[in-house]
Structure formats: structure tokens, C-alpha cells
Amino acid sequence: MSWVQNRPLRIILYWQLLVTLVIAVTLGLVFGVESAVSAFIGGSISLVSSASFAIIVSRHKGYTASGTIRTALRAEAVKIFLTIILLWLVFRFYKDVNALAFIGTFIVTVIVHSLALFVSDNTKKKIIN
């Protein structure tokens, strides 16, 4: 059983991981190891915060509108808090960070998270006779 029950969010997490790896490998080949590591860390921050959001949303059991909104706001607050803390930790303790690779990959993966709206939650396929 998966720890993320929401299919669109699970797919988005896979996409974020894939985008992070592609950018990190590409930057590593073109600009070197420090750029690859910086890109990987930037994407990982977005991935970790998105995963926390997805876990909180997946655990939601209520069926009221107010319960759903409370869960979404709580998940978003945790995501923002984690993002801020992790960004601060990287800039505070990782002196060789390539800021452009780091922030660029972070931004791209945040944008990928917003694509969850376009992923269908319907797993049944219609068969046309």
C-alpha cells in the first residue's frame, strides 16, 4: 500500500523526481559536479515538501467542505514551513552551492507540482464499442 493515496499527487511526485534527476544529470555533464549536486538538492527540497503535502492530504478522512479546506490549508502550511526551513539550511550550511542551479531546479519542480490539477484521478478507462 502506498503512503500517498491520491493518484494525481503520487504521479506528480514521480514527475518531480524525474525532472530533478534529468536536470541534475544534465547540469552535471555540462557544468560539473557542484551544479549537479546543487540542482539535486533544489529539486529534493521541492520533492520533500510536496511529499509532506501529499501525505497530509492522503490521510484526510472527512467529507465536509470545511474539513477538506482545513486539511488543504494545514498541508499547505506544512509544505511552506518545510520549504523555508530546508532552503535556509542549504544556504546556511552548503557553502559551495551553485545558486542558479539550486533555485532554478527548485522553481521548475514547484511548477511541476502545480500540474497535479491536470492529472486525472479516474483510473477506469472507457471502452468504446
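Taken together, the values in this text are just the output of simple stated rules run on the coordinates, not laboratory data. This structure is a prediction, so every number in the text was calculated from the model and none was measured. All Cβ positions, glycine included, derive from the backbone under ideal geometry; neighbour counts span all protein chains shown.
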| field | Theoretical ellipticity at 222 nm over the chain - DSSP helices of four or more residues, -39500 (n - 2.57) apiece, nearest 500 | value | -26000 deg cm²/dmol
| field | Relative contact order (%) - the chain, alpha-carbon pairs under 8 angstrom, separation at least six | value | 38 percent
| query | Expressed as an acute angle from 0 to 90° and rounded to the nearest 10, what is the orientation of the C-alpha long axis of helix 99-114 relative to the principal long axis of the chain? | reply | 10 degrees
| remark: The computed P(r) of the chain puts the percent of Cα pairs beyond 24 Å at 36 percent
| Karplus 3J(HN,Hα) series, Hz, for the range 64-75 with 6.51 cos²θ - 1.76 cosθ + 1.60 (x for Gly, Pro) | 8, 5, 5, x, 5, 5, 4, 5, 4, 5, 5, 4
| Highest-fluctuation residue, Phe106, Phe53, Phe81 considered, GNM on the chain with Cα pairs under 10 Å | Phe81
| message | Just to check I understand the Karplus step: with θ = phi - 60° and J = 6.51 cos²θ - 1.76 cosθ + 1.60, what whole-Hz values come out for the range 84-96, glycine and proline as x? | response | 4, 4, 5, 4, 4, 4, 5, 5, 6, 10, 9, 5, 9
| task | Would you tally the net charge around Ile41, using a Cβ to Cβ cut-off of less than 15 Å, leaving Ile41 out, and scoring K and R as +1, D and E as -1? | result | 0
| Mind checking the dipole of the chain: about its Cα centre, +1 per Lys or Arg Cβ, -1 per Asp or Glu Cβ, Debye to the nearest 20? | 660 debye
| message | Could you tell me which residue out of Thr20, Phe53, Val97 lies farthest along the dipole of the range 7-116 toward its positive end? Charges go on the beta carbon: Lys and Arg +1, Asp and Glu -1, centred on the Cα centre. | response | Phe53
| Helix 7-31 sits at what angle to the longest principal axis of the chain, using alpha carbons and giving 0 to 90 degrees rounded to 10? | 10 degrees
